[in-house]
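Readers should treat all values here as calculations from the given coordinates under stated rules, not as data from a laboratory. Small disclaimer: the values here were computed from a predicted structure and weren't measured. Heads up, the Cβs are rebuilt from the backbone with ideal geometry, glycines too, and the neighbour counts pull from every protein chain shown.
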Amino acid sequence: MMATETENYLTAGYGLKSWLLTKDHKRIALLYLFTITLFFFIGGAFATLIRIELLTPQGDLVSSDTYNRLFTMHGITMIFFFLIPSIPATLGNFLIPMMIGARDLAFPRINLLSWYLLVVGGLFALFAMLAGGVDTGWTFYTPYSTTYSNSWVIATALGIFVAGFSSILTGLNFIVTIHRMRAPGMTWFRMPLFVWAHYATSVIQVLGTPVLAVTLILVLCERVFHIGIFDPALGGDPVLFQHLFWFYSHPAVYIMILPAMGVISELISTFSRKAIFGYHFVAGSSMAIAVFGFLVWGHHLFVSTQSVYAGMVFSFLSYAVAIPSAIKVFNWTATLYKGSISFETPMLYAFGFIGLFTIGGLTGLFVASLGIDVHVTDTYFVVAHFHYIMVGGAIMAFLGGLHFWWPKITGRMYPEGWAKLSAAVVFVGFNLTFFPQFILGYLGMPRRYHVYPPEFQVLHVMSTMGASVLAVGYLMPMIYLVWSYKYGPLAGDNPYHATGLEWRTSSPPPLHNFDELPVVTYGAYDYTTVPEEVTSVG
Amino acid sequence: MTNHIDSVKTYAIVWISLLALTGLTTAVAFVDLGPFSVVVALSIAVVKMMLVALFFMHLRHSGKLTQLAMAGTILWLGFMVSFTLADVFTRGWLGVPGR
Amino acid sequence: MWIFLITEIMFFGGMFLAYIVYRALYPGTFAVTSSSLNVYIGAANTAVLLCSSFTMVLAVRSAQLGRQTALAVNIVLTLLLGLVFLGVKAFEWSEKFAEHHVPGTHFHFEGIANQGPAQLFFSLYFAMTGLHALHMVVGAGLMTWLLIWSLRGKFSAEYMTPVDIAGLYWHFVDIIWIFLFPLLYLIDRHLK
């Protein structure tokens, strides 16, 4: 079927208004893709400056005050304006209605509103950055953020507050859609695991983000009206801020990783041509992570004067929350066993994910242990840990998913050779950047410092070289993906012979997703329903 | 949305009960019950909340999923409060980590 | 709307947590500062809000039965009672301003050596009742909008979803106040 010759969602209306006022979840997904990519580069720019500064042990490129602003804004941009929206708002928005056989989300206009909220929040934050930035660390610890900082806390906090509502509304939309709009025969346990992952993510978004919102409001009240809630001079408790902040921010990391795991389930299954081993366990583990993820936030407060007793409880629970993640990794591995594996680009990213996520997750156990954490907290060990998960995990899954569904979204195939190369570049660059940081941290290099003892320089130089390679690896897809949109070969409906309802409609899909709504009579990974073809694509 | 239409009488009884409970909680506040003052005040508040939720918000006619979701949210609030209090109340019990 | 209420519960929940922690740490001070609030006005305002919930559920019922006049009347009553609540709240706040109980540079509470925790109580008082009042204002806006639509005949027994949803929101804001009243006004009143 020659997809681009017939009407599809991309040709169903031209001009800026048709995009800015669209109610089509597929177009909104692309609006999000454009926006988060922009923020990714802004966050990346800050990272570049940080890594260049860290080439030398002296603080010679920027002042300490500026350096504080650099890492703060790197964190804020990457977390709130790139990672949290990334997979759910782009791939989730685009695919979930199609995967369950629906024509759109439950509330299309609220979906558009979510995007505008992200943009408005982002503009507030951008304004703050251009006007001088924030220097509190992305964690906004009090009383520095409320009383002593001279930076643009209010504008940034407002930006994050608004963006938070974008996240909440997306979660709300997904929950209602998944409950109410599945096609006939699409039972809960016939849904792709990608959908389960997003359902769990949405529950976290709905339960957790409001707590961040009210915490930011309290910080704003303290700064604007001078009503001290966290001010120790009044008997206030700065650790209370940390409790409130991390009650959201820990589940937030699961908002970032669960959708990535959903993507990986789809990739592993497709490129082993095998149903995911232990479907029910993987679905259940997504929900378990959502639940348990809310009970561990105190592991960020181990050295904050939080009681040791509470610390022990949180440490124990943090070990428990690793179990569902491990279940997933084991199930993915079992899926690969005796599968018919092919090594297309998305699969390369999936393999990268499994290795890097496992390392990141295991180092999480290191820091979840009270004793070890006292030694490595606020060092580069922690920085390496979360970058392994966020970048080695989430971003690789995002790139893998973007490549996998690119033919569906655009109707075109990307150049496979360049794609494989850039996956390799990303993998090498990533490890070169962040593995030295584990060593640095263990040896005592503190995070958020730009002046350090000269014996650490070699490792820092390695890390910066890695970052340069990584940057190249990220730029390459920008170029060839955009190129392929115009000049890539036409992809056809199902170039990877994958299961999933999204592959049974044209590429790009028609405006209303399906010419006829499907009636589902088979499970999610039933390869007997898809033409058997083991040759690789491209 | 709901198929059950309750009578005005039902709503009126709930309304009067709510007003009565408000009076009760105010009056009881002036009585010295020691540590139980808080328990009584919160218990009355919970009863009032249940009346509003079940009758005025029609939660008793809503599906099991909605009821479960609401109960779950209260549970979540409970987690947030109890774990934080577990920290606040036990500081100093076991010393400071690293020392 | 139920899912949105979940987010609202967690949203207010954060402030309730702050309140609980500080009350646990400074019980004596909180009792003294709480008694400076006028309990009779607080109780009366609670009654006003409960009455508005009554009229709101009657409005929903009128809509379910397709009774246009009753619907409009009940919406008007709900709106008026809500505005009364806000008016009384504004009066209470103005009293606090006059007594220098507003946190900030001019704060002073008689009879307490350590002003810090007293200021914490009032910070929470203003933050929580302020957030609640903001939600009431939004509620008043919703009622106005509902009134306009109902006068235009948009609602019927078959289509009354906006009334239903607004009702859920209104009752939720009432429930928040049901907890705010005892927690802020009724701490150890017997000591006064």
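With charges set only on the Cβ (+1 for Lys and Arg, -1 for Asp and Glu), what does the dipole of the protein assembly as shown come to about its Cα centre, in debye to the nearest 20? Write out the running numbers ahead of the final one.
Working: 38 positive and 36 negative charges, 219 e Å.
Using Cβ point charges on Lys, Arg, Asp and Glu, the protein assembly as shown gives about 1060 debye.
Using only the Cα atoms of the protein assembly as shown, build the gyration tensor, take square roots of its eigenvalues as a ≥ b ≥ c, and label the shape rounded, prolate or oblate: rounded if a/c is under 1.5, else prolate if a/b is larger than b/c, else oblate. Before the final figure, lay out each step's value.
Details: a/c = 2.02, a/b = 1.29, b/c = 1.56.
Since a/c reaches 1.5 but b/c is at least a/b, the shape of the protein assembly as shown is classed as oblate.
When the C-alpha to C-alpha distance is required to be over 28 Å, the pairs from B:Lys64/C:Lys89; A:Lys26/A:Lys486; A:Lys274/A:Lys420; A:Lys328/A:Lys420; A:Lys274/A:Lys408 that qualify are B:Lys64/C:Lys89. In the range C:91-192, a dipole from Cβ-located charges (positive for Lys and Arg, negative for Asp and Glu) runs towards its positive end, and of C:Gly116, C:Phe172, C:Gly104 it is C:Phe172 whose Cα lies farthest in that direction. The chymotrypsin sites (Phe, Trp or Tyr not before Pro) of the range A:305-364 that DSSP puts in a loop, and whose beta carbon has at most 16 other beta carbons within 10 Å, are A:Tyr337, A:Phe343. One chain, two ends: A:Thr529 and A:Ser369. Fully extended at 0.36 nm per residue, the span grows by 52.9 nm beyond their Cα-Cα distance. When the protein assembly as shown is described by a simple charge dipole with +1 on each Lys and Arg Cβ and -1 on each Asp and Glu Cβ, the residue from A:Gly137, A:Ile255, A:Leu362 located farthest towards its positive end is A:Ile255.
Cα centroid separation, the range C:1-32 to the range A:34-72: 38 Å. Projecting the Cα atoms of A:Pro518, A:Leu501, A:Met465 onto the charge dipole of the range A:452-538 (Cβ charges, centred on the Cα centre) puts A:Met465 farthest toward the positive pole. Under the combined filter of DSSP loop state and at most 14 neighbouring Cβ atoms within 10 Å, the range A:1-99 retains these chymotrypsin sites (Phe, Trp or Tyr not before Pro): A:Tyr14. Fewest-first ordering of C:Val173, A:Val176 by other beta carbons within 10 Å of each residue's beta carbon gives A:Val176, C:Val173.
Dividing the helix sum by the residues of chain A, where each DSSP H run of 4 or more adds -39500 (n - 2.57), gives a mean residue ellipticity at 222 nm of -21500 deg cm²/dmol. With contacts taken as Cα pairs under 8 Å and at least 6 residues apart, chain C reaches a relative contact order of 37 percent. Taking all Cα pairs closer than 8 Å and separated by 6 or more residues, the relative contact order of chain B comes to 27 percent.
Taking 0.36 nm per residue of separation and subtracting the Cα-Cα distance, what length does fully extending A:Ile341 through A:Tyr116 add?
Numbers: separation 225, 0.36 × 225 = 81.00 nm, distance 4.12 nm.
Gain on stretching A:Ile341 to A:Tyr116: 76.9 nm.
Rounded to the nearest Å, what's the spacing between the alpha carbon centres of the range B:20-83 and the range A:99-141? Just the number, please. One Cα centre to the other: 35 Å. From least to most packed, judged by other beta carbons within 10 angstrom and beginning with the fewest, A:Lys274, A:Lys338 follow the order A:Lys338, A:Lys274. The range A:165-205 and the range A:361-436 have Cα centres lying 25 Å from one another.
Here B:Lys9 is the anchor, and the lysines within straight C-alpha reach of less than 21 Å, apart from those fewer than 8 places off in the same chain, are B:Lys48.
What size of dipole, in debye to the nearest 20, comes out for chain B about its Cα centre when the only charges are +1 on Lys and Arg C-beta atoms and -1 on Asp and Glu C-beta atoms? In total the dipole reaches around 180 debye.
Panel order for C:Tyr22, A:Tyr148, A:Tyr116, by other beta carbons found within 10 Å of each beta carbon, from fewest to most: A:Tyr148, A:Tyr116, C:Tyr22.
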